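Everything below concerns the one structure shown next.
No value in this document is a laboratory result; all are computed from the given coordinates. Just so it is clear, the model here is predicted, and its values are computed rather than measured. Glycine gets a Cβ as well: all are built from the backbone with ideal geometry, and neighbour counts include every protein chain shown.
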Amino acid sequence: MKKIKTILLIAFLIANTTLSYSQIYFGGRAGINMSFLSVQPELAKYNTVSELVPKLNVGIAAVGYFEIGPYFAIQPELIYNRKGLKSKIDMRMDGDTILRGDWNYSFDYFEVPLMFKLSLNSQGFDPFIEFGGYYGYMFHAKYEAEAYYNDEEILRENYTANFEPNAYGESLNRNEYGFKIGIGGTLKLSKGVAFFSIRYSQGLTDIMNYQTMPDNYKKNFNRVFQLTLGYALEVRTNTKNKIYYY
C-alpha cells in the first residue's frame, strides 16, 4: 500500500509540475490513411491471381498539446482510425479480362496514443519529429467482396464481422498495441497553432485470435501511413520563465 501511495504521489507531482510550466493547447486534426495489412509471406509469394493494394481511409482526432520546454512537448490524443486491406483480381486471357473482382476489409478503431514531440524551436514555421505508443480498440469490422467471370457476377458479399469465434475457432482481435513515428511542422497563429504531420503507424498485435493456433501460422499486423492537418487553440500560456516561442 505504501508503494502505491508513493507512486501516486510521484505521478501527481510530475503532472502538477508539467502543467505549471506548460503552455497548453487543445484542438483537432483530420487526414487520410493509406492502410496495409501484412500477410503471410508464403501466401503473397505464390498468389499470382490477386494483388494487394493500399486502402484509402479516413482518420480524425481530438488533440491535447503540452509544451514543457523549448524543444519538447507531450501530445495525448483520442483518434478514430479506419484501417484494413484491399485485394484486386484481374485475370486476362488473350488480352480480355475473364475474371475480375475486389475484396475489402475495413476495421474501425478508437486509438489512444501518447506522442512525444521534439522541435527546433524556430520562429514562424517550426519543424518537429514525433514518436510514441498507442492502444487501439476495434469496435467495428466489415467485409465486402464482388467478382465477375466474363462480366457475369459470380460473387457479392457484404456483412459486418462478428467478434465471436466462428466454427473454425477464429475471430478478430479487438485489442491492438503499437507505435507511431512521424515528422511535421507547426505554424504560430494569433490564437493558436496550425500543424500538419506525416505518420507511420505499426501494429504489434495480431489482428486475429485463434482458439487453436494453425500450423506454421504467421501473425498479421496493421500498418498505416497517414497525412493529417489540424488546428489547436491556446488555452493556457506559460508565465514561468517562458523561453520558447509559442
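Take the Cα of Asn158, step 7 Å toward its Cβ, do the same at Tyr200, and the gap between the two points is 3.6 nm. R0 = 35 Å: FRET efficiency of Phe110 with Asp151, Cβ-based, nearest 0.05? Given R0 = 35 Å and the Cβ-Cβ separation, E is 0.30. Would you mind getting me the FRET efficiency between Ile60 and Gln123? Use the beta-carbon distance for r and R0 = 25 Å, nearest 0.05. Plugging the Cβ-Cβ distance into 1/(1 + (r/R0)^6) gives 0.25. Averaged over every viewing direction, what's the projected area of the C-alpha convex hull for the stretch 128-175? Give it in nm², one decimal, please. Projected over every direction and averaged, the Cα hull of the stretch 128-175 covers 7.0 nm². Note on Phe72 and Asn209: their simple-model spin labels are 3.8 nm apart, each label 7 Å out from Cα toward Cβ. Along the stretch 160-173 the Karplus relation, 6.51 cos²θ - 1.76 cosθ + 1.60 evaluated at θ = phi - 60°, assigns HN-Hα couplings of 8, 6, 9, 7, 7, x, 8, 5, 8, x, 10, 7, 7, 8 Hz to successive residues, with x for each Gly and Pro. Once the C-beta distance of Lys219 and Ser190 is scaled by a Förster radius of 51 Å, the resulting FRET efficiency is 0.60 to the nearest 0.05.
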